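S.K.: Sharing a structure with you now.
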Amino acid sequence: MVTVRSPLRISLAGGGTDLPSYSSRYGGLVVGCAIDRYVGVTLFPREFRGRLRTAVDTTVECDGAGNHPHPMVRACLLRAGLDDGFQLASFSDAPSGSGLGGSAAFAVSVLHAAAPGASARTLAETAAAVEIDDLGRAVGKQDHYLAAYGGIRLLRFHRSGRVDPQPLELPAAVRAGLEARLLLFYSGTSRDAGAVLAEQNERTRSGNDDALRRLHAIRSIADEMVSALERRDLAAIGHLVNEHWSLKSGLGSRISSPRLQALHDRAREAGASGAKLLGSGGGGFLLLVCPPERHAEVRRSMAAAGLRELPFRLAEGGSRAIRMPL
């Protein structure tokens, strides 16, 4: 019996440049952080009738992984080599489709449960292959690497396809100051990241001038984010996050909406120095950068708008598996 937990993540800058349609031509750069909110998976290696039984959103019993009705679960099980005669249950700290990298954390967790000794790179690459190759989703690899490795990282996406997950070794005071300025609020709307990103992906592939201009600028913001953290300029973080959102929101027609933009503006008016929707956009969690002295006012404003906060801290570790004998 194996239990695994893999962290969810927030992206500070560079999101979108990890999509192969961009990174394979120009190279991508993402600054991201794992958080202490997780997707958990437990794999029990027996099932009374020798069938496959899963509890992921809903409970399913079937004969063989290839017959599983849920595409994501089916693809993960097939990649993991899990077929019949076992039970698998999944748990999560956040709703699916909420921009925290939950599908990647789920894939990493299933693969890790099947192979507890696998390296972080193997887990990240195989989990990415599930979404990109098996399911044909227009996503990048940042979520899979942050779920597998954890920590605060500068992820370099090379034209060759290789990813370098460089840890950002921040002084304790900088890390604490960054953590103290970040807040998460759920917009109440979930979405399919692949569907939202499909338009951006197609515009990038076709060489759309506006899309490429925005993505080049977003990549530059990732460089600026690293520089700000290294020189301990925490006041610059909010401005960079806000600039990122201004560029990102124009990459596709489904990334923002009047309601989502109004929530962004409401947070800024209440005292946040920066705000952006995480993941592909289109809903999910709103990341706010806010001086601690403005937290109370921002929380009141978000609560009045019906948004639920997800408290969190930055997490150092990546996916972790524990094996228990039966």
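S.K.: Is it the case that ALA105 is within 29 Å of ALA176 (Cβ to Cβ) and in contact with an Asp or Glu (Cβ under 8 Å, 6 or more places away or on another chain)? Let's see the steps before the verdict.
M.R.: Numbers: within 29 Å of ALA176 (Cβ to Cβ): yes; in contact with an Asp or Glu (Cβ under 8 Å, 6 or more places away or on another chain): yes.
For ALA105, the condition - within 29 Å of ALA176 (Cβ to Cβ) and in contact with an Asp or Glu (Cβ under 8 Å, 6 or more places away or on another chain) - is met.
S.K.: Within region 298-322, track down each residue that is small (Gly, Ala, Ser) and either within 22 Å of GLN261 (Cα to Cα) or in a strand (DSSP E or B) (or both). Full working, then the answer.
M.R.: Step one: of region 298-322, the residues small (Gly, Ala, Ser) are 301, 303-306, 315, 317-319, 321.
Selection gives SER301, ALA303, ALA304, ALA305, GLY306, ALA321.
S.K.: Are any residues in region 25-65 surrounded by fewer than 19 Cβ atoms within 10 Å (Cβ to Cβ), farther than 20 Å from ALA115 by Cβ and in contact with a Gly (Cβ under 7 Å, 6 or more places away or on another chain), and if so, which ones?
M.R.: GLY50, the sole residue that qualifies.
S.K.: Just checking: which of the helices (runs of 4 or more DSSP H) contained wholly in region 122-235 hold 2 or more residues that are surrounded by fewer than 16 Cβ atoms within 10 Å (Cβ to Cβ)?
M.R.: Numbers: elements: 142-149, 172-180, 193-205, 209-230.
By residue number, 172-180, 193-205, 209-230.
S.K.: List pairs: first residue in region 85-102 and farther than 20 Å from PHE185 by Cα, second residue charged (D, E, K, R) anywhere in the structure, Cβ distance under 6 angstrom, at least six positions apart or on different chains.
M.R.: Taking only residues 6 or more apart or on different chains, the pairs are GLY85/GLU47; PHE86/GLU47; GLN87/GLU47; GLN87/ARG53.
S.K.: Moving on. With respect to ARG74, is the statement that it is among the basic types (Lys, Arg), more than 17 Å from the chain's Cα centre (by Cα) and either crowded, with 21+ Cβ neighbours inside 10 Å or farther than 15 Å from VAL4 by Cβ (or both) true?
M.R.: yes
S.K.: Under 9 Å by Cβ, and 6 or more places apart or on different chains, what pairs join a residue from region 191-220 that is assigned by TED's automatic domain parsing to the domain that holds SER253 with one that is among the β-branched types (Val, Ile, Thr) and part of a helix (DSSP H, G or I)?
M.R.: Close Cβ pairs (under 9 Å, with a partner that is among the β-branched types (Val, Ile, Thr) and part of a helix (DSSP H, G or I)) amount to ALA211/THR204; LEU212/THR204; LEU215/THR204.
The values are calculated or read from the model by the stated rules, or taken from the named source; none is laboratory data. This is a predicted model, so every value here is computed, not measured. Positions of Cβ are generated from backbone atoms using ideal geometry, with glycine treated the same way; all protein chains shown enter the neighbour counts.
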